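First the structure, in the form of C-alpha cells, and then the observations on it.
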Amino acid sequence: MRKLIAVLVILMALASPEIAKAGPSEDAAAVRAQWEQVYNSGDADKFVALYTKDAALFGSTAQLFTGSDGVRTYFSKLPPGIQVKMGDQQAIAVGSNVLLSSGFASFTLKDGTVIPYRLTLALVKVDGHWLIAQHHGSPAPK
C-alpha cells in the first residue's frame with residue numbers, strides 16, 4: 001500500500017502545473033503558431049489580440065507602427081492572398097515574463113513566389129498570456 005501511495009504522490013507531482021510548464025521555445029512557438037494562423041486568415045483585427053497595447057512593429061515597410069491602432073493599420077494594408085509558414089526559431093527567457101524569439105518565416109505570394117523572412121519577436125506575459133511587445137521582420141539576405 002505504501003508503494004502505491006508513493007507512486008501516486010510522484011505521479012501527482014509530475015502532473016503539477018509547475019513541473020508541466022512549457023519552456024521558452026514551446027511558449028514562443030505557440031505564439032508564432034497563433035500569429036501564422038491569424039496571418040493566413042487575412043483578418044487584420046485579429047492581430048490586435050496578439051500584441052500588447054503599446055507594441056512596436058517593423059514589418060515589410062519603412063514605417064514603425066505602434067500601439068493597437070498601428071498593428072491594425074499595418075496588417076490591414078497588406079495585399080490579400082499572401083500566406084505564411086513559420087520556420088525554425090530560437091527562444092530565450094529574459095526573466096519569467098519576457099521571451100525573445102528569433103527565427104524564420106516563408107511568405108508565399110498569390111503568384112507562388114516565396115519570400116524568406118527573418119522574424120524577431122519580444123514577448124511579454126500579460127495576465128497569463130504571452131503577447132508580442134516588439135516585432136521586427138525583414139527579408140532574409142540572399
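The values are calculated or read from the model by the stated rules, or taken from the named source; none is laboratory data. Quantities reported herein were computed from a predicted structural model and do not represent experimental measurements. Note that each Cβ is placed from the backbone with ideal geometry, even for glycine, and that neighbours are counted across all protein chains shown.
In region 95-113, is there at least one residue being touching a strand residue (DSSP E or B) at 6+ places or on another chain (Cβ under 9 Å), modelled with pLDDT under 95 and closer than 17 Å to D27 by Cβ? Yes, region 95-113 contains a residue that is touching a strand residue (DSSP E or B) at 6+ places or on another chain (Cβ under 9 Å), modelled with pLDDT under 95 and closer than 17 Å to D27 by Cβ.
Identify all residues within region 53-72 that are assigned to a helix (DSSP H, G or I) and either touching a residue at least 12 places away in the same chain (Cβ under 8 Å) or aromatic (F, W, Y) (or both); write none if there are none. Break it down into steps so the answer makes sense when it comes.
First pass over region 53-72, keeping only residues assigned to a helix (DSSP H, G or I): 67-72.
Within region 53-72, G67, S68, G70, V71, R72 qualify.
Kindly indicate whether K85 is of a type in the set (D, E, K, R), outside any helix (DSSP H, G or I), modelled with pLDDT of 95 or more and surrounded by 14 or more Cβ atoms within 10 Å (Cβ to Cβ). It would help to see each step written out before you state the result.
Working: of a type in the set (D, E, K, R): yes; outside any helix (DSSP H, G or I): yes; modelled with pLDDT of 95 or more: yes; surrounded by 14 or more Cβ atoms within 10 Å (Cβ to Cβ): no.
Here the answer is no, as K85 does not meet what is asked.
Output yes when any residue across region 106-123 is touching a Leu at 6+ places or on another chain (Cβ under 8 Å) and in contact (Cβ under 8 Å) with a residue 60 or more places away in the chain, and no when none is.
Going through region 106-123, the residues touching a Leu at 6+ places or on another chain (Cβ under 8 Å) turn out to be 115, 120-123.
Still in the list and also in contact (Cβ under 8 Å) with a residue 60 or more places away in the chain: 121, 123.
Checked region 106-123: at least one residue is touching a Leu at 6+ places or on another chain (Cβ under 8 Å) and in contact (Cβ under 8 Å) with a residue 60 or more places away in the chain.
Tell me, please, whether a residue that is without any contact (Cβ under 8 Å) to a residue 24 or more places away in the chain, within 26 Å of K142 (Cβ to Cβ) and not acidic (D, E) can be found in region 29-52. The answer is no; no qualifying residue exists.
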